[in-house]
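Trainee: Structure below; questions to follow.
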Amino acid sequence: MHLKTVAGVNRWRSLFAGAAAFTLLASMSIPVVAEMRPLHIRSEKAEPLVAAGGTVATHFGCETRPFNLSKGLFCYGPAAIRKAYGVFDLINGGITGKGQTIVIIDAYGSPTLAADLAAFDSVFGLPDPPSITEFHMPGSTPFDNTDPNQLGWAEESSLDVQWAHAIAPGADIILVAAVTNGDQDILDAQNYAIDHKLGKIMSESFGELEFLETPALLAANEQSYQRARDANISVFASAGDDGATGADQNGDLVPFATPQYPASSPHVTAVGGTNLFFGTTTNADPNGTYQGEVVWNDGFGAGGGGVSKIFSTPNYQTNHLSRAALAELGGFRGYPDISYNAGVVGGVIVHLGFFANTAQNGYYIFGGTSAGAPQLSGVTSLANQLNHGSAGFINNGLYAHGANGLLNRVMHDITVGNNDFLGVTGFAATPSWDLASGWGTPARGYAATE
């Protein structure tokens, strides 16, 4: 296999400049950007490995041998991830998400979304989904593959769709593409999905600093998430890739801990990040064993987590967290609620085919909490099929089961690592719930399959 290295780690920070709204920051009137940004980190590019006879091999070295070990990188395909998180046997037993619909909210979409999913499926031996629909909101313009902002969102769309499908191969997928990544356009796309009852599971892999939200937009978003909750829709939101902080309106990391929205919303299930070790100590082998996880913090990024400065502690935390945890929250909402593999070290493979320079098209390793939200949406679709109904807002049951010890049988409790990042002190993993990993990661297809 021939590898090409992408120079540096493309964090897409400086690509979202613009002027869309004003709000208050530190008691001063300061113009800020009201634009969501996709939460993902792209790393190595892998060329397809052509086996004897001209067929494309199925692993890219991700699951059969160390991957670019000299740089400390390795990667996972669907088989290893399914084994690690306890959905392998469910899928083999016919629990594939059949009859369920996963709705993914992104901006701009991708002109090669279906073709890229087909390439991904071919390589990993996955069936086509029953249906994949890309809906562009009214007012959308043709995709511009020379615009770095749109390219970043196309990458996000590809990651979300391919890995939701990898976990729930029998579920229908609908991607609702907002006109732009402006806050109002994203909200319009979200409301469209809710109003038109597109599905009972929604994945959102984007965010911005909580203080960049205007009061009016924040209220409108919360009303939307409450409507989703009332409609029994499970909403998963990525917690961020910069530890306890995030990027400001100029794309620069702020030098202090500050929460990300919508992960900080009390009406969503916020998904943090881990580095997963599965197989052997030197090999990400789908026939291997679960080795363990730590809080994602591998030099490329770190799992989001922290305490809201706006939302008070919701009842599901007040009623079920320890006194020590509640003291740390200080009366406000803490996140994440749950976690999933997000490492670039141990990243997942994604196919991209929309670049103007066709030499860039191919397979990439992706990390970031972006990868977790769509995969947990897939896990939830398996649970919905198995239980013949919608799990809806899972936080109430998640925290109740955590408090009574039932999660010990179905979750990996992450107790190692922290989300300190680039000089900003974050939070450490501890036994039970914590601000670095929530309640941990699925071990047997998540508690809802019980």
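The values are calculated or read from the model by the stated rules, or taken from the named source; none is laboratory data. This structure is a prediction, so every number in the text was calculated from the model and none was measured. A quick note on method: Cβ atoms are made from the backbone with ideal geometry, for glycine too, and the neighbour counts reach across all protein chains shown.
Trainee: Could you please give the count of residues in segment 225-267 that are crowded, with 23+ Cβ neighbours inside 10 Å, part of a strand (DSSP E or B) and either small (Gly, Ala, Ser) or modelled with pLDDT under 95 (or both)?
Mentor: 4
Trainee: Can you name the number of the only condition in (1) out of contact with any helix residue (DSSP H, G or I) (no Cβ under 8 Å at 6 or more places or on another chain); (2) at pLDDT 95 or above; (3) aromatic (Phe, Trp, Tyr) that residue 211 fails?
Mentor: Single failed check for residue 211: (2).
Trainee: Need the failing condition index for residue 319 against (1) more than 21 Å from residue 225 (Cα to Cα); (2) modelled with pLDDT of 95 or more; (3) surrounded by 20 or more Cβ atoms within 10 Å (Cβ to Cβ), just the number.
Mentor: Only one criterion is unmet by residue 319, namely (3).
Trainee: If residue 156 passes every condition in (1) touching a helix residue (DSSP H, G or I) at 6+ places or on another chain (Cβ under 8 Å); (2) within 19 Å of residue 131 (Cβ to Cβ); (3) of a type outside the set (A, V, I, L, M) but one, which one does it miss?
Mentor: Checking residue 156 against (1) touching a helix residue (DSSP H, G or I) at 6+ places or on another chain (Cβ under 8 Å); (2) within 19 Å of residue 131 (Cβ to Cβ); (3) of a type outside the set (A, V, I, L, M), the one that fails is (2).
Trainee: So, of the residues in segment 416-450 that are on the phi > 0 side of the Ramachandran plot and of a type outside the set (Gly, Ala, Ser), which turns out to be modelled with the highest pLDDT? Please lay out each step first, then the result.
Mentor: Taking segment 416-450 and keeping what is on the phi > 0 side of the Ramachandran plot, we get 417, 422-423, 432, 438, 440, 445-446.
Narrowing further to those that are of a type outside the set (Gly, Ala, Ser): 422, 446.
On the way: 422: 93, 446: 61.
Among residues in segment 416-450 that are on the phi > 0 side of the Ramachandran plot and of a type outside the set (Gly, Ala, Ser), the one modelled with the highest pLDDT is 422.
Trainee: Name the single residue, out of those in segment 279-312 being in a strand (DSSP E or B) and in contact with an Asp or Glu (Cβ under 8 Å, 6 or more places away or on another chain), that is farthest from residue 436 (Cα to Cα).
Mentor: 279
Trainee: Name the single residue, out of those in segment 205-224 being of a type in the set (Ser, Thr, Tyr) and assigned to a loop (DSSP other than H, G, I, E, B), that is surrounded by the fewest Cβ atoms within 10 Å (Cβ to Cβ). If you could, list the steps in order and put the result at the bottom.
Mentor: Of all residues in segment 205-224, those of a type in the set (Ser, Thr, Tyr) come to 205, 214, 224.
This time we only want the ones that are assigned to a loop (DSSP other than H, G, I, E, B), so: 205, 214.
Numbers: 205: 26, 214: 17.
Ranking the candidates gives 214 first.
Trainee: Just checking, does segment 358-369 include any residue being closer than 24 Å to residue 173 by Cβ, of a type in the set (A, V, I, L, M, F, W, C) and surrounded by 21 or more Cβ atoms within 10 Å (Cβ to Cβ)? Don't jump to the end; show me each part of the working.
Mentor: From segment 358-369, those closer than 24 Å to residue 173 by Cβ are 361-369; that's our starting set.
Filter once more, keeping what is of a type in the set (A, V, I, L, M, F, W, C): 365-366.
With surrounded by 21 or more Cβ atoms within 10 Å (Cβ to Cβ) added as a condition, the list becomes 365-366.
Yes, there is a match, as at least one residue in segment 358-369 is closer than 24 Å to residue 173 by Cβ, of a type in the set (A, V, I, L, M, F, W, C) and surrounded by 21 or more Cβ atoms within 10 Å (Cβ to Cβ).
Trainee: Of all residues in segment 166-190, which are closer than 15 Å to residue 104 by Cβ and either among the basic types (Lys, Arg) or part of a helix (DSSP H, G or I) (or both)? Break it down into steps so the answer makes sense when it comes.
Mentor: Restricting attention to segment 166-190, the residues satisfying the condition of being closer than 15 Å to residue 104 by Cβ are 166-168, 171-178, 181, 186, 189-190.
Those that are closer than 15 Å to residue 104 by Cβ and either among the basic types (Lys, Arg) or part of a helix (DSSP H, G or I) (or both): 166, 167, 186, 189, 190.
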